[in-house]
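S.K.: I have a structure I would like to understand better, so I am pasting it below and will then ask my questions one at a time.
The values are calculated or read from the model by the stated rules, or taken from the named source; none is laboratory data. Here the structure is a predicted model, which is why all the values come from computation and not from measurement. Note that each Cβ is placed from the backbone with ideal geometry, even for glycine, and that neighbours are counted across all protein chains shown. Protein only, heavy atoms only, side chains kept; ligands, DNA and RNA dropped before computing areas. Shrake-Rupley method; radii C 1.70, N 1.55, O 1.52, S 1.80 Å.
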Amino acid sequence: MGEGGGGAQFIVNVSKREVVAVVLPLQGHWLPLSNRDLLLPPVDVGVFFVSIKTCATSGEVVHNSVGEPEILCNNRGVSVLKKALAQVLVSHYVFAGEVVHNSVGEPKILCNNRGVDFVEAFAEVERRDINLYNPDDTIEGKLVPEKKHGVFAVQATGLRCGGLVVACSFDHRVADAYSANMFLVSWAELALSKPISTSPSFRPSLLNPRRPGSIHPSLDDMYVPVTKLPPPKHPEPDYDHLISRIYYITAEQLSRLQSLASTKGCRRTKLESFSAFLWKMVAKLAVTQNADKKITKMGVVVDGRTRLTDGDEHKASLLGSYFGNVLSTRVQLDMHQLDIQET
């Protein structure tokens with residue numbers, strides 16, 4: 001059961017569960033995780049897409065023999081998605097595998113064509129009534145599937161208005177956001193009967209450490225040995241826990257932020273401009289409400305592929321299609337004496 005806009009509850013009924021496997025025979029093999037993959041804990045990441053009405057009229061919902069609603073108007077669209085999924089798993093076969101541990105306890109990818117769990121469901125709610133601002137209560141575990149097996153899971157949920165929510169969960173140790181987007185774009189291209197524009201590369205050797213090693217001094221300001229950290233304290237009752245929020249920002253607002261952030265002939269990107277605005281809001285709140293003058297941090301996760309090429313075009317081409325984790329996190333510390341200027 002989920003919560004819609006204004007606190008309204010809605011029910012999600014599962015009508016079908018199946019496993020979608022690679023459409024062609026696949027020889028099983030092992031694929032090692034890179035050092036960057038191994039930095040991540042076994043955490044799943046969710047992503048979802050909400051479509052508008054996918055049939056001529058809304059309300060085309062039928063009930064099966066036990067009285068459960070099924071998606072009649074979205075059946076064709078879901079069938080196309082499943083067919084394209086079986087095709088895209090041929091090239092992105094790691095998403096059809098499993099993460100298992102070897103004899104020394106190190107996780108590896110077993111590419112055995114285990115397949116992807118695919119769930120079809122129906123939610124008794126309209127798209128406009130889903131509270132997307134608070135996805136922890138309305139999306140997670142209701143419209144985004146809980147991955148129980150394998151590396152990748154999908155749920156297609158029809159809405160009362162005729163819309164469709166397609167949501168996925170994947171093991172972060174296997175793919176970062178760049179890789180997942182590469183997979184989703186290829187999946188969409190095949191669903192539209194188009195050829196795949198980018199074939200993935202599974203070569204962890206591309207991320208082998210330099211010989212001799214080279215460590216930039218700036219890393220000393222970002223990381224400390226675990227042994228230097230104080231023992232963890234028990235969280236207070238009002239301790240800030242991790243929450244998720246989704247904000248809707250119009251193109252006009254982004255353009256205005258970009259214009260304000262670009263000065264003296266230096267044009268900032270939309271991501272840089274929005275990140276600066278968000279950091280300004282975080283720092284302003286910290287200055288006004290942080291009586292203990294604690295350090296506040298904001299991290300922005302960026303793709304590290306372009307930062308590892310050193311101007312080598314051939315390596316840049318290889319890393320451009322690399323499937324795995326190549327994440328970098330840029331962290332900005334809060335300056336307590338920072339004068340927050342109003343714009």
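S.K.: Report whether or not V94 is outside any loop (DSSP other than H, G, I, E, B) and surrounded by 23 or more Cβ atoms within 10 Å (Cβ to Cβ).
M.R.: Judged against the criteria, V94 is a match.
Yes/no matrix, rows are residues, columns are (1) touching a residue at least 12 places away in the same chain (Cβ under 8 Å); (2) more than 20 Å from the chain's Cα centre (by Cα):
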| residue | (1), (2) |
| --- | --- |
| V151 | yes, no |
| D176 | yes, no |
| V185 | yes, no |
| R203 | yes, yes |
| D221 | no, yes |
| L242 | no, no |
| Y247 | yes, no |
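S.K.: Looking at (1) over 26 Å from K16 (Cα atoms); (2) buried (at least 22 other Cβ atoms within 10 Å of the Cβ), which is the one condition that is false for Y178?
M.R.: (2)
S.K.: Testing G162 on (1) free of Cβ contacts under 8 Å to residues at least 60 places away in the same chain; (2) small (G, A, S); (3) more than 17 Å from P41 (Cα to Cα); (4) open to solvent by less than 30 Å² (accessible area, probe 1.4 Å), one condition comes back false. Which one is that?
M.R.: The one condition G162 does not meet is (1).
S.K.: Grab the strands (runs of 3 or more DSSP E) fully contained in region 5-65, keeping just those with 2 or more residues being modelled with pLDDT of 90 or more.
M.R.: Correct list: 12-20, 29-32, 44-51.
S.K.: Can you name every residue in region 256-270 that is under 21 Å from V302 (Cα atoms) and in contact (Cβ under 8 Å) with a residue 12 or more places away in the chain?
M.R.: Correct list: L257, Q258, A261, K270.
S.K.: Given the conditions (1) modelled with pLDDT under 80; (2) in a helix (DSSP H, G or I); (3) loosely packed, with under 15 Cβ neighbours inside 10 Å; (4) not aromatic (F, W, Y), and given that R256 satisfies all but one, which numbered condition is not satisfied?
M.R.: The single condition R256 does not satisfy is (1).
Conditions tested, residue by residue: (1) assigned to a loop (DSSP other than H, G, I, E, B); (2) over 28 Å from Q87 (Cβ atoms).
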| site | (1), (2) |
| --- | --- |
| Y178 | no, no |
| S186 | no, no |
| E189 | no, no |
| S197 | yes, no |
| P212 | yes, yes |
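S.K.: If a residue has to be over 22 Å from the mean Cα position of the chain (by Cα) and either open to solvent by less than 60 Å² (accessible area, probe 1.4 Å) or closer than 24 Å to D176 by Cα (or both) to count, how many in region 33-55 make the cut?
M.R.: Summing the residues that are over 22 Å from the mean Cα position of the chain (by Cα) and either open to solvent by less than 60 Å² (accessible area, probe 1.4 Å) or closer than 24 Å to D176 by Cα (or both) in region 33-55 gives 1.
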